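Novice: Please find one structure pasted underneath; my questions will follow.
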Amino acid sequence: MNKRIIPKLSFWQIWNMNVGFFGIQYSFGLQQTAVNPLYSFLGAHAEQLPILNLAGPVTGLLIQPLIGAISDKTWSVKWGRRKPFFLLGAVFCSLALFVFPFSSSIWMAVGLLWILDAANNTAMEPYRAFIGDKLPEEQQTYGFQMQSLFVGAGITLANLSLFFFQKYLGGSSESGGIPAWVYYSFFLGSFCSIASVVWSVYKTPEIPPTDEELAIMKAEKENDTVLTPFADIFKAIVQMPKILWQLALVYLFQWYALFCYWQFATPMIKQTLYHVSETDEEKAKQVLKLSKSISETSPDQIVWAKNILHLVEKAVGQTGLMNGFYNFITMLSALLLIPLAVRYSSKNVYAICLLGTGMSLFALPFIQNEYLILLPMVLFGIGWAAMMGLPYSMVSPAIPSNKRGVYMGVINMMIVIPMLIQTISFGLIYKNFLGNNPVNAIILAGVLFLLASVSVIMIKMKK
């Protein structure tokens with residue numbers, strides 16, 4: 001079979017092809033920082049957060065490998081192979097982000113999260129395969145780390161938007177509902193999602209398949225049924241290269257830990273920085289609710305309740321600042337990791353970065369200053385830059401080029417299965433073994449990162 005000639009791309013060509021990742025990651029940043037507090041504004045309890053986030057792992061488990069399998073067999077002269085899925089995902093993501101802050105109940109917000117996650121996964125999966133399609137092997141580390149840069153940039157803007165809109169545009173809620181500043185961040189995300197993807201689609205042509213590849217795709221499609229993509233996924237898993245099985249163990253620890261951090265960072269900050277318990281928050285909401293009815297509440301109680309809810313909102317803003325800061329560090333460090341990975345190997349750099357991430361989580365609960373608490377996020381940001389790029393560059397050479405889409409979907413299954421396990425199991429763990437204490441949840445996440453680092457060291461790489 002004649003192989004496609006894959007030319008080297010310039011810095012700006014690699015930049016343009018990855019700009020769409022910025023909008024996708026802005027949306028992901030809002031999911032990290034804003035969705036769980038939004039659930040809280042609507043009346044959810046901390047122990048309910050894992051199950052309310054079920055959309056992320058389930059849609060990732062189903063949609064990414066399916067989209068990968070389908071896109072491997074897709075080609076349009078006008079639209080290409082991967083780009084139709086970028087656009088479809090971006091349109092629905094933009095619509096879901098726009099509507100999200102208008103949620104009138106927890107279950108409306110949950111439904112919109114399912115739509116948002118499905119759209120994000122539809123757009124994100126082909127982007128990983130896009131790197132392998134467009135770049136020769138010697139540039140793939142560069143391409144994946146460029147995606148890591150845009151991961152940092154998109155999530156940075158998402159998180160900082162929460163902080164700055166709250167600080168400078170105000171609009172705080174005094175009744176425990178969704179504050180006005182949350183709306184601004186979601187509206188900005190709605191614009192970024194569609195605009196950035198359209199830029200990449202416009203600026204980046206796809207490399208057409210050879211005549212032989214087109215003939216094979218056509219022959220395979222003639223025998224395809226509705227179940228064929230599922231069969232392709234199963235076959236890919238059975239024939240999966242050994243290094244992917246080794247990466248799966250790393251991801252089990254890494255992504256379980258990340259989900260713990262994203263869910264419990266704000267509850268931890270409420271407790272450690274602002275000394276607000278979940279009981280205080282619930283009582284404050286009840287006081288303000290009663291103050292609007294015929295029940296009598298004292299002025300002191302109302303002042304106390306408003307102050308508690310103000311501190312809760314500050315905790316959300318502080319989480320946005322911390323997450324925005326670590327993603328800013330990700331943006332700065334993403335490309336700087338490339339020469340280190342070339343010199344010392346992606347495996348070694350990845351292992352050290354995971355170790356640093358674990359150490360940063362151990363430090364967080366013991367810092368009670370809203371500015372000093374940013375220091376551990378430097379290590380977290382460098383670790384996030386490594387997580388978003390280096391594993392893909394480690395395994396990409398072992399993936400067959402004609403199955404790149406489905407295998408990138410399988411890698412995402414390795415991400416979402418730990419998240420699904422966390423979603424189902426952690427509520428019980430949090431309540432029965434961690435004493436309903438968010439500090440313990442963050443420390444456990446740090447331990448899991450140390451185990452992930454050790455698992456990377458155990459990976460056998462081909463020289």
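Novice: What tally of residues in the stretch 338-352 results from selecting those that are assigned to a helix (DSSP H, G or I) and more than 15 Å from Gln139 (Cβ to Cβ)? Before the answer, list the steps.
Specialist: We begin by selecting, within the stretch 338-352, every residue assigned to a helix (DSSP H, G or I); these are 338-344, 346-352.
Next cut, more than 15 Å from Gln139 (Cβ to Cβ) only: 340, 343-344, 347-352.
The total comes to 9.
Novice: Right, here's the next one. Which one is modelled with the highest pLDDT, of the residues in the stretch 410-451 that are among the aromatic types (Phe, Trp, Tyr) and farther than 18 Å from Thr272 by Cβ? Can you show your working first?
Specialist: Going through the stretch 410-451, the residues among the aromatic types (Phe, Trp, Tyr) turn out to be 426, 430, 433, 449.
Filter again for farther than 18 Å from Thr272 by Cβ, leaving 426, 433, 449.
Numbers: Phe426: 91, Phe433: 93, Phe449: 98.
So the residue we want is Phe449.
Novice: Hey, can you tell me all the residues within the stretch 112-128 that are closer than 29 Å to Leu9 by Cα, of a type outside the set (Val, Ile, Thr) and at pLDDT 80 or above?
Specialist: Residues of the stretch 112-128 that are closer than 29 Å to Leu9 by Cα, as a first pass: 119-128.
Next cut, of a type outside the set (Val, Ile, Thr) only: 119-121, 123-128.
Across the stretch 112-128, the qualifying residues are Ala119, Asn120, Asn121, Ala123.
Novice: Still on this structure, I have one more. Do we find a residue being surrounded by fewer than 21 Cβ atoms within 10 Å (Cβ to Cβ), part of a helix (DSSP H, G or I), of a type in the set (A, V, I, L, M) and without any contact (Cβ under 8 Å) to a residue 40 or more places away in the chain anywhere in the stretch 307-324?
Specialist: Scanning the stretch 307-324 turns up no residue that is surrounded by fewer than 21 Cβ atoms within 10 Å (Cβ to Cβ), part of a helix (DSSP H, G or I), of a type in the set (A, V, I, L, M) and without any contact (Cβ under 8 Å) to a residue 40 or more places away in the chain.
Novice: Right, something else. List the residue pairs whose Cβ atoms are under 9 Å apart, where the first residue sits in the stretch 234-254 and is of a type in the set (D, E, K, R), the second is assigned to a loop (DSSP other than H, G, I, E, B), and the two are 6 or more positions apart or on different chains.
Specialist: Lys242/Lys460
Novice: Among the numbered conditions (1) basic (Lys, Arg); (2) at pLDDT below 75; (3) within 30 Å of Met461 (Cβ to Cβ), tell me where Lys242 comes up short.
Specialist: For Lys242, the failing item is (2).
Novice: Across the stretch 421-443, which residue is nearest to Leu54 (Cα to Cα) among those that are aliphatic (A, V, I, L, M) and surrounded by fewer than 21 Cβ atoms within 10 Å (Cβ to Cβ)?
Specialist: Among them, the one singled out is Ile424.
Novice: Count, please, the residues in the stretch 400-410 that happen to be surrounded by fewer than 24 Cβ atoms within 10 Å (Cβ to Cβ) and either within 19 Å of the chain's Cα centre (by Cα) or closer than 15 Å to Ile63 by Cβ (or both). Quick ask: steps written out before the conclusion?
Specialist: Filtering the stretch 400-410 for residues surrounded by fewer than 24 Cβ atoms within 10 Å (Cβ to Cβ) gives 400-404, 410.
Filter again for either within 19 Å of the chain's Cα centre (by Cα) or closer than 15 Å to Ile63 by Cβ (or both), leaving 410.
Qualifying residue count for the region: 1.
Novice: Residues that are free of Cβ contacts under 8 Å to residues at least 60 places away in the same chain, over 29 Å from Ala248 (Cα atoms) and of a type outside the set (Phe, Trp, Tyr): does the stretch 64-83 have at least one?
Specialist: Yes, that holds for at least one residue.
Novice: In the stretch 205-231, which residues are surrounded by 11 or more Cβ atoms within 10 Å (Cβ to Cβ), assigned to a helix (DSSP H, G or I) and of a type outside the set (A, V, I, L, M, F, W, C)? Before the answer, list the steps.
Specialist: Initial filter on the stretch 205-231 (surrounded by 11 or more Cβ atoms within 10 Å (Cβ to Cβ)): 205-210, 212-218, 220-221, 224, 228-231.
Restricting the remaining residues to those that are assigned to a helix (DSSP H, G or I) gives 212-218, 220-221, 228-231.
Scanning the stretch 205-231 gives Glu212, Glu213, Lys218, Glu220, Lys221, Thr228, Pro229.
Novice: Six or more apart or on different chains, Cβ under 6 Å: which pairs go from a residue in the stretch 284-299 that's part of a helix (DSSP H, G or I) to one that's modelled with pLDDT of 80 or more? Could you list them?
Specialist: That search, which allows pairs on different chains as well, returns Ala284/Ala305; Ala284/Ile308; Ala284/Leu309; Val287/Gln301; Val287/Ala305; Leu288/Ala305; Ser291/Ile302.
Novice: From the list Ile24, Ile51, Ile5, exactly one residue is closer than 30 Å to Phe234 by Cα and over 18 Å from the mean Cα position of the chain (by Cα). Which is it? Walk me through it before giving the result.
Specialist: On the way: Ile24 fails: over 18 Å from the mean Cα position of the chain (by Cα); Ile51 fails: over 18 Å from the mean Cα position of the chain (by Cα).
Answer to the check: Ile5.
Novice: Within the bounds of the stretch 84-105, is there any residue that is closer than 19 Å to Val316 by Cβ, at pLDDT 85 or above and of a type outside the set (Phe, Trp, Tyr)?
Specialist: Yes, the conditions are met somewhere in the stretch 84-105.
Novice: Please verify whether the stretch 387-396 includes one or more residues that are touching a helix residue (DSSP H, G or I) at 6+ places or on another chain (Cβ under 7 Å) and among the polar types (S, T, N, Q).
Specialist: Let us first name the residues in the stretch 387-396 that are touching a helix residue (DSSP H, G or I) at 6+ places or on another chain (Cβ under 7 Å), namely 387-396.
Filter again for among the polar types (S, T, N, Q), leaving 393, 396.
For the stretch 387-396, residues touching a helix residue (DSSP H, G or I) at 6+ places or on another chain (Cβ under 7 Å) and among the polar types (S, T, N, Q): present.
Novice: Within the stretch 325-337, work out how many residues are in a loop (DSSP other than H, G, I, E, B) and under 23 Å from Phe253 (Cα atoms). Can you show your working first?
Specialist: At the first step, the residues of the stretch 325-337 found to be in a loop (DSSP other than H, G, I, E, B) are 334-336.
Okay, now just the ones that are also under 23 Å from Phe253 (Cα atoms), so 334.
Matching residues across the stretch 325-337 total 1.
Novice: Considering each of Leu361, Leu355 in turn, give the residue that is farther than 21 Å from Leu157 by Cα, in a helix (DSSP H, G or I), within 19 Å of the chain's Cα centre (by Cα) and of a type outside the set (Val, Ile, Thr). First the steps, then the outcome.
Specialist: Working: Leu355 fails: within 19 Å of the chain's Cα centre (by Cα).
Exactly one residue qualifies, and that residue is Leu361.
Novice: Among the numbered criteria (1) at pLDDT below 80; (2) over 23 Å from Ile106 (Cβ atoms), which single criterion is violated by Glu47?
Specialist: Exception for Glu47: condition (2).
Novice: Across the stretch 364-397, what is the number of residues that are over 20 Å from Ser148 (Cβ atoms) and assigned to a helix (DSSP H, G or I)?
Specialist: As a first pass, look at the stretch 364-397 and keep what is over 20 Å from Ser148 (Cβ atoms): 364-375.
Next, only the ones that are assigned to a helix (DSSP H, G or I) stay: 364-366, 372-374.
The total comes to 6.
The values are calculated or read from the model by the stated rules, or taken from the named source; none is laboratory data. These numbers were taken from a predicted model, which means no experiment stands behind them. Quick reminder, even Gly has a Cβ in these numbers, built from the backbone with ideal geometry, and neighbours come from all protein chains shown.
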